[in-house]
Amino acid sequence: MRLVIQRVANASVEVDGQVVGAIGAGLLVLVAAEPTDDKSDVERAVDKLSTIRLFADEIGKMNLDIGQAEGSILVVSQFTLLADLRRGRRPSFAAAGDPAHANAIVDDLVAGLRDVGIRTETGVFGAKMSVSLVNDGPVTMIVDIKDGQIV
């Protein structure tokens, strides 16, 4: 599983001109699921997203997690994060999970975040989406998770 985490002042996702998910301050998380991803990977992602300290405390140091900052998360599936660009001119997406598996992984991630009390919005899996954001910082991090571990 690959996560691209962006701290945002606000973010939204539209499908067919309609806003389907929107947040104020928080995290925009782009997610790509791999064929081997399982419950342990989802649990590790939920733990990391709910505890990573990316928000400023009273002295401006990144010392607060999403809950302490009273932020929200917008999760958007994006299989293209797993593109292989090593050969040729067209990217290969062979590393991406099949859509049914990937959709289940993303759904489990969203459910896990909600279960730990984080307001979580989403895009529409498999749809052509327009994502808008105001990156705060900018702060952008990439996390790869395999076998329940960050690699």
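List of remarks:
- Counting the residues of region 10-26 that are surrounded by 14 or more Cβ atoms within 10 Å (Cβ to Cβ) and under 10 Å from residue 121 (Cβ atoms) gives 8.
- Flag if residue 114 is without any contact (Cβ under 8 Å) to a residue 24 or more places away in the chain, in contact with a Ser or Thr (Cβ under 6 Å, 6 or more places away or on another chain) and not β-branched (Val, Ile, Thr): yes
- Subset of region 93-124 (residues that are among the small types (Gly, Ala, Ser), assigned to a helix (DSSP H, G or I) and exposed (fewer than 15 other Cβ atoms within 10 Å of the Cβ)): 100, 111
- Residues being assigned to a loop (DSSP other than H, G, I, E, B) and farther than 17 Å from residue 119 by Cα - total across region 54-77: 5
- Residue selected from region 38-92 under the condition β-branched (Val, Ile, Thr) and free of Cβ contacts under 8 Å to residues at least 40 places away in the same chain, by the criterion surrounded by the fewest Cβ atoms within 10 Å (Cβ to Cβ): 59
- Leading residue by the ranking (nearest to residue 95 (Cα to Cα)) among those in region 134-151 that are under 15 Å from the mean Cα position of the chain (by Cα) and surrounded by fewer than 17 Cβ atoms within 10 Å (Cβ to Cβ): 144
- Considering only residues in region 125-151 that are of a type in the set (Gly, Ala, Ser) and in a strand (DSSP E or B), the one that is farthest from residue 55 (Cα to Cα) turns out to be 130.
No value in this document is a laboratory result; all are computed from the given coordinates. All values reported here derive from a predicted model rather than from experimental measurement. In this analysis, Cβ positions are derived from the backbone assuming ideal geometry, glycine residues included, and neighbour counts consider all displayed protein chains.
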